[in-house]
Structure formats: C-alpha cells, structure tokens
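The values are calculated or read from the model by the stated rules, or taken from the named source; none is laboratory data. Just so it is clear, the structure is predicted and the values come from calculations on it, not from any experiment. Cβ atoms come from the backbone with ideal geometry, glycine included; neighbour counts cover every protein chain shown. Side chains are part of the model used for accessible areas, which takes the heavy atoms of the whole protein and leaves out ligands, DNA and RNA. Shrake-Rupley method; radii C 1.70, N 1.55, O 1.52, S 1.80 Å.
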Amino acid sequence: MTESETGTGAMLRDLRDVWRIRLLEEKVRDLRLGGDIVGSVHLCIGQEAGPVGACSVLEPADALFATYRGHGWALARGVPAAAILAELLGRATGVNGGRGGSAHFTAPEYGFHGENSIVGAGAPLALGAALAGRFDGTGRVALCVFGDGAMNQGAVHESMNFAAAFDLPVVFVCENNEYSELTPIRDMVRNDVLADRARAYGMLGERIDGNDPAVVRDRVGDAVQSAREGGGPVLLELMTARLVGHYIGDAEQYRQPGELERLAENEPVTRLQAALRAAAVPESDIAAAHDDAAHEIEAAAREAAAAPLADAEAVRRHVHA
Amino acid sequence: MPETRKLSYGEAANAALRRALEERPEVLLYGEDVGVPGGVFGVSKGLRKQFGDRVFDTPISESAILGSAVGAAMFGRRPVVEIMWTDFFLVALDQVVNQAANVRYVSEGRLTAPLTIRTQQGTAPGSCAQHSQSLEAFFLHTPGIRVCMPVTAQDAYDLLLSAIGCDDPVVVIENRTLYHGAKQEVSLGGPVAPIGGLRTRRTGTTATVVTWGALSLQTVAAAETLAQEGHDVEVLETPWLDPFPWDEVLASVARTGRLVVAHEANRTGGFGAEVLARVAEAGIALAAPPRRVAVPDLRLPAAPGLAAAVVPGADQIAAAVRQLVAAG
Ligand SMILES: Cc1ncc(C[n+]2csc(CCOP(=O)(O)OP(=O)(O)O)c2C)c(N)n1
Ligand SMILES: [Mg+2]
C-alpha cells in the first residue's frame, strides 16, 4: 500500500473528513441558533470518526440506515453538503425538497437510505435491504446505525435475531455515546457492555474505539466483508461521545464536573492532530485538512442559502403512486 | 386464459398468492407460520413447496416482519407479508405509519414501498377482546397506505392481486369467518384491475346503505327483508376503503336522501363517521338524520351471548333503515 492509503496519508484524509462533518455540524448549529434552520436538530459533533471510518468501506450498492443524528453519516456517504444544508433550510434543492428536514431525510441515489426519527426503527428496514440482496444477487450489505438507547428497543432485538437466524448481511453499528437523550445508558442496563448482547443472538459482537477512524474502518471493514461472504450479521459497539447536547438547546445538566474536558482529549480531531504531529507531519498539511473542509462547507452554505424555498405547490405530491 | 373454479374464500386468496408468485419473481411471501405450515388458516398452503425460498417462516417478530418488508420493497422486492391477526399490528404499527407510509412522500417518489400486508379481523364466537377488533380506521387515518377488505371469494382473489400490483403499501384485511365458507365460483387468470372501485349490491331509491367487511353480507340480508316490506334500499359495498369511491357514494346519497353506514368497527372514530361527515360537508339534503350501525364503544366480550348483544347484524341494519323511513 502507498503512503496515502496507510499511515499519515490516511490520517490526513481522515482528519479532513472528520473536519467536513464537524464544520458542517457547526454550520448547522449557527444556522439553527440564527433562526434560519427551525425545529429540532441533533448534532454528531465528537462522533465523526464512526461515519468517516465506516462509510469508507461500503460499496455504492450497500444500504445505509441512520438516525436523526445522521448528517455526518449522509455527508460521509457522499451526499453533498449543499443538498444537506438546503434540506435543513427548507430549500427546493434540499435532498428531499424540505420534506425530511434535519431528522428524516433520505438520499437513496447516494446509498443513504435515510435518517429515522423513531428510535430503533431503522433496524427492520436494514433487515429488508439485506433480505432483498439475497434475491437480487447484488451481495448488498446493509449497515444500520443507532444509539446506545436504541439497544433497548424491541425492533432492534427482533432485527438482530431475525438477521442472525437467516444469516443476513446486516452490520449493526451501535454508537454508544453513553447517553440516551438526557439519561446515562449505564443507569438503564445492568451490563453496560452492549456488544455482549450479540452473543445471545449467536452473532459476533465487539466493542471498539469509535473515535478512531482507522479502528472503525478496520473493524467495520471486517464485519462488512464477513457479512458479504455469508457470515451473517455483526454488532459493533462504537465507544464515542457527543461533545454537544442531545439537541440544540439541551442544557446538559446531566454532565459530571470535568466531563467535557475529559471528552475533549479523546475526540477525533484532537487525537488525529496529535498523532499527525507525533509523526512529524508538517503543520501546513494539518492546517490544510481543516481549510479544505472549511472551504467546501462555506461554499455549500452559500449555495444552499441562495436556493429558493421549497415550493408549497408541490406539497400534496407523492402521497401515492 | 381466464377459467372459473369453485373455491372457498381462503382458497381464492391462495390462488392469488400462487399467481403473484408465478408471475412476479420479485414477490416474496413470509410471516409467522406462513411457509412450511402453510398459514394458520391454510391460506399459503403448498406455496413453500412450489416456490421454495421465496416463501418462508419468520420469528414472532411483527416489527421485523413489517419493517423488513418495507426495506425489501425499497430495494425492488414486492413482499407480501402476513400479520396473523389485525390486533397484532399494534406491536409494530410504527413500521406501517412512520415507515411504510413515508417512504414515497419524503423521498419525493425516489423510493417506494410496494408491499402488501395481509391480515384478518372481525368478531367470531368466543374470540377475546384482543382477537376481535376491527381496526381499519387506523390505516385509513394514515395517508399513503391503501386499504381493502375482501368479502367474496372473488374479492379474496382480485383484491389481493390488485394490492400486490399496487406500487404503494396496501393493507388487505381479510375475515377469518369467511376463509372456510362455501365454495363460490371464482374467475381466475383474468386481467388484474387497478386498486379501487365499489360494488353496488342492490339498487334502490328509499335509502343508501354503505357497508364493508363482514357486515356487507348482513346488509344484503337486511335489504332483502326490507324489500319484502316495500323498501328498496341501495346497498353500496366498498371493498376498497382507500381509495374510497366518494363520488359514487355521495351521488347515491343525494339520490335517495337517506343514509345508513354499517361497519363492524367501534362507532367513535370509525370510518362511518367520515362518511357521514363527507355527506354533511357536501351539503346533501337528507330526508332524515343519517345513522351509523356499528359496535358500540366498548371492548369486545368473548362469550358468544355477550358479543351477540353488541355486534350488529341484519336486524340492526334493517331497524336503522326503518327508523329513517319513519322519520321522513
Ligand atoms: C420510539 C421512540 N421513543 C422515544 C423517542 C425520543 N427520543 C429521541 S432520541 C432519544 C434517545 C436515543 O438515544 P440513543 O439511542 O442513545 O441515540 P443518541 O441520541 O444518543 O444518538 C429518544 C428517547 C423516539 N424518537 N422514538
Ligand atoms: Mg446515545
């Protein structure tokens, strides 16, 4: 492999991709606080390594089902930032012309089969995408993302058992950010190693460092490959943390003293930059990873803001065939 | 090549499933006990044997059954799944209302969910309160979901094929008391109609009775009794509830000036309320206030004697028409 595929080249690319999501989310936050975006918004700031690592091993024909905290997954999957921002701004050029909003947009042409605003509800859908693949010969793998809290939803359990019983190629990615809204997951389970549950369904489960894109790429890559080769579903528990509230406006009273400072040391940008510096990568390269991403997001925001509002004339269309 | 055979309602549904599996390689058929056992009511008998892996049994996991059907439909399959009893939809309604119904709308038509959900409902002697509800109004309140309720064996065949051919999610609500009834002449193999339509069971001028599901047969019986009394009642049966034949129903009510709606669902919030509301909104002048014949607002008791006291039949329908006639 060349330097660009491994080592510092890959790290620089990961840093840029993490920045793309981080800066997109910061832009969304600004637009929400400024009143341009309205409604409930869930940011994935701090959790960028998951989408960056996982999407890098998916094929175009694979299916990806995310949650309301899905902007980063969409961007990493290839949905243009301008189309995402336009969607959140209710513009005609939004991925769904304003129908999905922040929490429920879908972009199948990019292999992004949607956010979901119902906790755990994407798991049965992913099951179906994998099931379809069994008959259409695509070898499609379905990757389904959900949070730690979703591990307590019936639909997720039904889907894990169903996928395991039929060896369906579903990779269940649980982003354990240690909170379900305002409630710590450890208070809601007896065994807080959520990956342990996989064994009960006869599938592989693994808890991994969800803040390192390289680790995520490696473990999700193996899971995807094994699923594609008929090995059945896998559950990966990505340990991560959101550095912001559950939603914009969350007072975050559940945080412990010093918690955010501790999390800041372990978040993807800090870690990637430290690793790059330790490998003696020039500061200009590290800065460029940020600047490239910033350039893209700023241009996307300008494009989205300039687009016309979604046309209410069309609001009744597409209820039925 | 169309042919006519004598089939029960359940056998007719089986024939429709067989034809769909034969003609459309993208059809999958699955659910609890649907594959090897052939369905708890025998409706999918023989299909696993004939079509192999496309027909299979699932865990008792309604969310996974419905949601996987939505997901598979998004990816080009045409799943036909079964919810054994309509009451069991309730553990998984999210997958219908929040998932299936939104696929086309939110994606602006770039994704679709052409799935068919077969279920059955209705009262039957001894069935408990969790196995006898009529829940069609839940789905009718959900734009994006199509709904039909086959009554005849021909319906069981035709409506199911129309549903499978439809590019939207369709809930086909069968009736278990009809599965093993008398064999009827069923025309098989003809062209598959698009969804929608109604059946005028009887034309008349005294009153319009709109009905669907099991009460259709009771309504026909009531109309025969009323005819002997000199009241010719127009019986409009609506096996398709979404799309609903509003024009035909409103035109009939405008002609007769009297309206009764009869259904086996509870009265409050039942779809009969919607029919009355539309007639009112249309400004149709009525000779007498409209009436609903429905199960009163209570849970359904298991004991046959208790259920008989609250589930309406031909007598209640006939009485409602007589009251309208007497009122003006
Ligand atoms: C079925 C359902 N119940 C409750 C909610 C409200 N809700 C939205 S997000 C959330 C917390 C989910 O936590 P987790 O699964 O850990 O995901 P995270 O938000 O941390 O990414 C809850 C309870 C919902 N959207 N859907
Ligand atoms: Mg969480």
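What ranking do B:235-242, B:193-200 get when scored by the average of other Cβ atoms within 10 Å per residue, highest first?
Working: B:235-242: 24.1, B:193-200: 15.4.
Taking the mean over residues of other Cβ atoms within 10 Å, the ranking is B:235-242, B:193-200.
To the nearest 0.05, how large is the calculated FRET efficiency for B:ALA327 and B:ALA193 if R₀ is 51 Å and r is the Cβ-Cβ distance?
Working: r = 39 Å, r/R0 = 0.76.
So the FRET efficiency works out to roughly 0.85.
Can you give me the angle between helix B:62-74 and the longest principal axis of chain B, using Cα atoms only, in degrees from 0 to 90, rounded to the nearest 10?
Once rounded, one gets 70 degrees.
If a/c stays under 1.5 just call it rounded; otherwise compare a/b with b/c (prolate if a/b is bigger, oblate if not). Do that for chain A, with a ≥ b ≥ c from the square roots of the Cα gyration tensor eigenvalues.
rounded
Cα centroids of the range A:72-87 and the range B:182-208: how far apart, whole angstrom?
So the two Cα centres are separated by 50 Å.
Quick one: 3J(HN,Hα) in Hz for the range A:268-281, Karplus 6.51/-1.76/1.60 with θ = phi - 60°, rounded, Gly and Pro as x.
Values, residue by residue: x, 5, 4, 5, 5, 5, 4, 5, 5, 5, 5, 8, 6, 6 Hz.
Please list, in order along the range B:223-238, the HN-Hα scalar couplings obtained from phi with the Karplus expression 6.51 cos²θ - 1.76 cosθ + 1.60 (θ = phi - 60°), rounded to whole Hz, x for Gly and Pro.
Along the range B:223-238, the couplings run 5, 5, 4, 5, 5, 5, 8, x, 9, 9, 9, 8, 9, 9, 9, 10 Hz.
By DSSP, what percent of the beta bridges with both residues in chain B are antiparallel, rounded to the nearest 5?
Around 25 percent of the beta bridges assigned by DSSP in chain B are antiparallel ones.
Give me a single rounded figure for A:97-109: the average over its residues of other chain Cβ atoms within 10 Å of their Cβ.
Working: counts 3, 1, 5, 5, 1, 0, 0, 3, 2, 8, 3, 6, 3.
Per-residue shielding by partner chains comes out at 3.
At a 1.4 Å probe, what is the % contribution of carbon and sulfur to the accessible area of the range B:199-327?
Solvent-exposed carbon and sulfur of the range B:199-327 make up 53 percent of the total.
Quick one: how many Å² of A:HIS290 are accessible to a 1.4 Å probe, rounded to 10?
Counting only protein heavy atoms, A:HIS290 exposes about 60 Å² to solvent.
Under a 1.4 angstrom probe, counting protein chains only, how are B:THR206, A:THR93 ranked by accessible area, largest first?
A:THR93, B:THR206
Heavy-atom accessible area per residue, chain A, 1.4 Å probe: how many Å²?
Per residue, chain A has an accessible area of 40 Å².
With the other protein chains left in place, how much accessible area per residue, in square angstrom, belongs to chain B at a 1.4 angstrom probe?
On a per-residue basis, chain B sits at 37 Å².
Taking H placed 1.01 Å from N in the peptide plane, check which residues at least 5 places from A:GLU175 or on another chain put their amide H under 5 Å from its amide H.
A:PHE146, A:GLY147, A:ASP148, A:LEU238
Shape call for the protein assembly as shown from the C-alpha gyration tensor, a ≥ b ≥ c root eigenvalues: rounded (a/c under 1.5), prolate (a/b greater than b/c) or oblate?
Values: a/c = 2.49, a/b = 1.98, b/c = 1.25.
Cα axes put the protein assembly as shown in the prolate bin.
Nearest 5 percent is fine: what portion of the DSSP beta bridges confined to the range A:7-309 is antiparallel?
15
Taking beta carbons within 10 Å but only from partner chains, what does the mean come to for residues B:54-67?
So the per-residue partner count for this stretch is 6.
Which far-off residues, 5 or more places away or on another chain, put their amide H under 5 Å from the one on B:GLU264, with H placed in the peptide plane?
B:LEU215
Tell me which lysines have Cα within less than 28 Å of B:LYS6's Cα, excluding those fewer than 8 residues away on the same chain?
Those lysines meeting the cut-off are B:LYS45, B:LYS49, B:LYS183.
Anything losing 10 Å² or more of accessible area from the isolated chain to the full protein assembly: pick those residues out of the range B:71-104, probe 1.4 Å, ligands and DNA/RNA ignored.
SASA drop of 10 Å² or more in the range B:71-104: B:GLY71, B:ALA72, B:MET74, B:PHE75, B:ARG77, B:ASP94, B:GLN95, B:ASN98, B:GLN99, B:ASN102, B:ARG104.
Using only protein heavy atoms and a 1.4 angstrom probe, determine the accessible area buried between B and A, summed over both sides, in Å² to the nearest 100.
What B and A bury together is about 3200 Å².
For the range A:96-123 and the range B:45-94, what is the separation of their Cα centres, given in Å?
Answer, in whole Å: 23.
What residues have an amide H closer than 5 Å to that of A:ALA92, excluding those fewer than 5 places away on the same chain, when H is modeled at 1.01 Å from N in the peptide plane?
The answer is A:LEU309, A:ALA310.
Residues of the range A:44-65 losing 10 Å² or more of accessible area relative to the isolated chain, 1.4 Å probe, heavy atoms only?
A:PHE65
Rounded to the nearest 20 debye, what is the charge dipole size of the protein assembly as shown about its Cα centre when +1 sits on each Lys and Arg Cβ and -1 on each Asp and Glu Cβ?
Working: 57 positive and 80 negative charges, 411 e Å.
For the protein assembly as shown, the charge dipole is close to 1980 debye.
Once the Cα atoms of helix B:246-256 and of chain B are each reduced to a long axis, what angle between those two axes, in degrees from 0 to 90 to the nearest 10, is obtained?
So the helix axis and the longest Cα principal axis differ by about 20 degrees.
In chain A, carbon and sulfur make up what percent of the accessible area (probe 1.4 Å)?
About 50 percent, which is the carbon plus sulfur part of the accessible surface.
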